[in-house]
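**Student:** So that we are looking at the same thing, I have put the structure below in structure tokens.
The values are calculated or read from the model by the stated rules, or taken from the named source; none is laboratory data. Quick caveat, the model's predicted, so the values are computed rather than measured. Reconstructed Cβ throughout: ideal geometry from the backbone, glycine too, with neighbour counts over all protein chains shown. To get the accessible areas, we keep the full protein, side chains included, count just its heavy atoms, and leave off ligands, DNA and RNA. Shrake-Rupley method; radii C 1.70, N 1.55, O 1.52, S 1.80 Å.
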Amino acid sequence: MALTSSYMLLFPLLVMIAFAGDFNKDFDLTWGDGRAKILNNGELLTLTLDQASGSGFQSKNEYLFGKIDMQLKLVPGNSAGTVTAYYLSSKGSTWDEIDYEFLGNLSGDPYILHTNVFSQGKGNREQQFYLWFDPTADFHTYSITWNPQRIIFSVDGTPIREFKNSEAIGVPFPKNQPMRIYSSLWNADDWATRGGLVKTDWTQAPFTASYRNFNAQACIWSSGASSCGSSASESTSGSSWLSQELDSAGQQRLKWVQRNYMIYNYCTDAKRFPLGFPPECNIS
């Protein structure tokens with residue numbers, strides 16, 4: 001795998017960074033006044049929402065490209081009105097962001113998995129899915145693979161969305177701004193469930209989402225420099241994600257998910273884009 005000269009400048013040396021699951025070392029609890037907890041010697045993190053407040057955490061490190069895995073078990077039962085957000089984001093008015101948001105629902109109705117990609121402060125690239133399992137019954141792995149060519153969203157190893165670098169046709173791509181990992185559990189009953197028609201049932205509170213087995217094979221950004229390099233031999237053996245693309249089997253799994261479980265795609269919303277779809281929608 002060879003990188004262009006611009007990426008060679010960006011990655012002066014290759015150091016493979018991989019974490020496996022000590023939340024005390026990898027994350028800070030940032031808000032919620034004790035509603036976020038790290039348990040079991042750093043192996044488990046929980047976020048809680050009640051009528052007074054939600055809670056959240058963020059990574060100690062910033063990343064510029066990587067493969068990020070996290071196992072989540074979502075709020076069970078009547079989770080209507082709640083949102084569990086898990087995303088990468090930079091700062092500033094022209095920020096980049098890669099989003100998972102899990103929109104709660106009434107007992108027996110499926111969660112909606114909402115995804116979005118922001119580049120230079122512009123989002124509006126929503127795709128939404130149902131899941132093919134109950135995300136509240138057990139932990140499942142939600143992954144983001146982010147490299148200079150594409151962003152791949154995967155659930156338990158199955159790709160659900162691919163956002164390709166379309167800079168050649170004038171679409172900004174997240175590639176210059178390091179991002180932290182953030183997650184939060186919060187009340188959004190003004191919009192989250194059936195457009196805000198279904199409100200949070202506070203008699204069911206507190207609501208809890210759980211996290212475990214965080215893993216990052218990623219380029220850490222620190223003091224203006226990346227921990228990653230451009231050595232082809234090292235990249236092949238240690239960071240295949242840096243050039244990862246979907247093979248034919250991955251493409252077939254992606255099509256299976258999008259055919260059977262996608263419930264909204266901005267690239268097919270003609271009412272929203274009466275003058276024509278965004279240019280990246282024409283990239284196959």
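**Student:** When you scan region 248-268, do you find a residue that is open to solvent by 70 Å² or more (accessible area, probe 1.4 Å), part of a helix (DSSP H, G or I), hydroxyl-bearing (S, T, Y) and modelled with pLDDT under 95, even just one?
**Tutor:** Scanning region 248-268, I find no residue that is open to solvent by 70 Å² or more (accessible area, probe 1.4 Å), part of a helix (DSSP H, G or I), hydroxyl-bearing (S, T, Y) and modelled with pLDDT under 95, so the answer is no.
**Student:** What single numbered condition from (1) in a loop (DSSP other than H, G, I, E, B); (2) in contact (Cβ under 8 Å) with a residue 40 or more places away in the chain; (3) within 21 Å of V75 (Cα to Cα) fails to hold for R125?
**Tutor:** In the conditions (1) in a loop (DSSP other than H, G, I, E, B); (2) in contact (Cβ under 8 Å) with a residue 40 or more places away in the chain; (3) within 21 Å of V75 (Cα to Cα), R125 misses (3) alone.
**Student:** Since D190 meets every condition but one in (1) closer than 24 Å to E162 by Cα; (2) modelled with pLDDT under 95; (3) open to solvent by 60 Å² or more (accessible area, probe 1.4 Å); (4) in contact with a helix residue (DSSP H, G or I) (Cβ under 8 Å, 6 or more places away or on another chain), which condition does it not meet?
**Tutor:** Exception for D190: condition (1).
**Student:** Could you go through region 165-174 and let me know if any residue there is farther than 25 Å from V75 by Cβ, out of contact with any Phe, Trp or Tyr (no Cβ under 8 Å at 6 or more places or on another chain) and in a helix (DSSP H, G or I).
**Tutor:** Looking for residues that are farther than 25 Å from V75 by Cβ, out of contact with any Phe, Trp or Tyr (no Cβ under 8 Å at 6 or more places or on another chain) and in a helix (DSSP H, G or I), one finds at least one in region 165-174, hence yes.
**Student:** If you don't mind, there's one more thing I want to ask. Filtering region 172-186 down to residues that are surrounded by fewer than 19 Cβ atoms within 10 Å (Cβ to Cβ) and in contact with a helix residue (DSSP H, G or I) (Cβ under 9 Å, 6 or more places away or on another chain), which residue is nearest to T115 (Cα to Cα)?
**Tutor:** Only one residue fits best here, namely K175.
**Student:** Which one is modelled with the lowest pLDDT, of the residues in region 2-48 that are open to solvent by less than 40 Å² (accessible area, probe 1.4 Å) and of a type in the set (V, I, T)?
**Tutor:** Among residues in region 2-48 that are open to solvent by less than 40 Å² (accessible area, probe 1.4 Å) and of a type in the set (V, I, T), the one modelled with the lowest pLDDT is I17.
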